[in-house]
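Heads up: the structure comes next, in structure tokens.
The values are calculated or read from the model by the stated rules, or taken from the named source; none is laboratory data. Predicted model, so just to flag it, every value in this text is computed and none were measured. When we count neighbours, we look across all protein chains shown, and the Cβ atoms used for this are built from the backbone with ideal geometry, even at glycine.
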Amino acid sequence: MLFWHLGASIAIARYTFRDEKMDLRFLALGALLPDIVDTPIGLAMWDSFQSVRLVAHSLLAAVAVMVLVLIRTRRGRPRRRWMAVAVGMLLHLFLDAMWDSQETLLWPFLGTVFSEQAYATAGA
């Protein structure tokens, strides 16, 4: 899944935004961030969650990153660079088809329980 998230996110962002100045390193970080955060926690606490898609796979996490970027940066290059992280996170949710796991995607608005996922979907 690593190359899927990287390649597809870059291709979609390039096609959608047509922005040659977009820093692809930050986009790539955002595209991988939900798995970087959630997979170790989900595997370590498998008995509790039965999933590796946790908080970072929610819209709330991506929106929180966007709001944090808007608050902490001024207009210009730094904001543009860091906003690519949030765009990458949103693309990750799209590429994971998170609409099939609405409890996780809309966490905590539909409750605090995450959708159970088969271990094979973890990309492990």
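Tabulated data
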item	result
Output for region 74-119, where each listed residue is within 17 Å of the chain's Cα centre (by Cα) and in a loop (DSSP other than H, G, I, E, B)	ASP96, ALA97, SER101, LEU106, TRP107, PRO108, PHE114, SER115, GLN117
Failed criterion for ASP38 (all others in (1) in a loop (DSSP other than H, G, I, E, B); (2) of a type outside the set (Val, Ile, Thr); (3) surrounded by 14 or more Cβ atoms within 10 Å (Cβ to Cβ) hold)	(1)
Subset of region 64-84 [closer than 23 Å to ALA97 by Cα and either without any contact (Cβ under 8 Å) to a residue 12 or more places away in the chain or of a type in the set (Phe, Trp, Tyr) (or both)]	ALA64
Residue match in region 11-21 (condition: under 17 Å from SER101 (Cβ atoms), outside any loop (DSSP other than H, G, I, E, B), of a type outside the set (Val, Ile, Thr) and out of contact with any strand residue (DSSP E or B) (no Cβ under 7 Å at 6 or more places or on another chain))	no
Filter result for SER58 (polar (S, T, N, Q), more than 23 Å from PHE3 (Cβ to Cβ) and either crowded, with 19+ Cβ neighbours inside 10 Å or touching a Phe, Trp or Tyr at 6+ places or on another chain (Cβ under 8 Å) (or both))	yes
Conditions (1) surrounded by 14 or more Cβ atoms within 10 Å (Cβ to Cβ); (2) modelled with pLDDT under 95: number failed by LEU32	(2)
Residue selected from region 22-35 under the condition of a type in the set (A, V, I, L, M) and outside any loop (DSSP other than H, G, I, E, B), by the criterion nearest to HIS92 (Cα to Cα)	ALA31
